[in-house]
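Have a look at the structure below before the remarks.
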Amino acid sequence: ALRVVGQKHVKSGRMHLWIQNAAHTWKAVAEGRPVEPVSGSIRVGGFEVGREYHTQFRDTWSDREPARRIVIADRDGVIVLDVEALAADVAVAVRPAASRVGQ
């Protein structure tokens, strides 16, 4: 129910994503059909194990910033971005924090 596209700069640990509710299409909007909000988790690998990452979510329709969060890369270098009640789409920027967990 979620569509994700983006790019990641492996060396800097930065990433930008666009996450869309797959049911929110131009046709649904043009026809005035309500779109059921969806929730889910996006898992992305290749991050530094144990490192904190700042995430900034931005509503692409209102340019409102609904959330900032810190996520920590797990033992496999995976971060998880939780998406809650997404009706349309959201842009997400991820960047490494200055600190590492346990240091």
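The values are calculated or read from the model by the stated rules, or taken from the named source; none is laboratory data. Predicted model, so just to flag it, every value in this text is computed and none were measured. Cβ atoms come from the backbone with ideal geometry, glycine included; neighbour counts cover every protein chain shown. Ligands, DNA and RNA are stripped out before the accessible areas are found, and what is left, the full protein with its side chains, is counted by its heavy atoms. Shrake-Rupley method; radii C 1.70, N 1.55, O 1.52, S 1.80 Å.
Observations on the model:
- Carbon plus sulfur fraction of accessible area for the chain, probe 1.4 Å, in percent: 52
- Relative contact order of the stretch 20-69: 21 percent, from C-alpha pairs under 8 Å at least 6 residues apart in sequence.
- What you get for the chain, charging only the Cβ of Lys and Arg (+1) and of Asp and Glu (-1), is a dipole of about 380 debye around the Cα centre.
- Two-site label geometry, Glu48 and Arg68: point separation in nm, points 7 Å out along Cα→Cβ: 2.0
- Dipole-positive endmost among Val83, Ser39, Thr55 within the stretch 35-94 (Cβ charges, Cα centre): Thr55
- Contour minus Cα-Cα distance for Ser41 and Trp26 (0.36 nm per residue): 3.0 nm
- Each stretch of four or more DSSP H residues adds -39500 (n - 2.57); spread over every residue of the chain, this sum gives -1000 deg cm²/dmol at 222 nm.
- Measuring between their Cα centroids, the stretch 60-94 and the stretch 1-50 lie 9 Å from each other.
- For the chain, pairs of C-alpha atoms spaced more than 20 angstrom apart make up 40 percent of the total.
- When the P(r) of the stretch 1-58 is calculated, the portion above 15 Å amounts to 61% of the C-alpha pairs.
- For the chain, the solvent-accessible area works out to 63 Å² per residue, with a probe of 1.4 Å and every protein chain left in place.
- Ranked by the mean number of other Cβ atoms within 10 Å per residue, highest first, peptides 26-39, 7-20 order as 7-20, 26-39.
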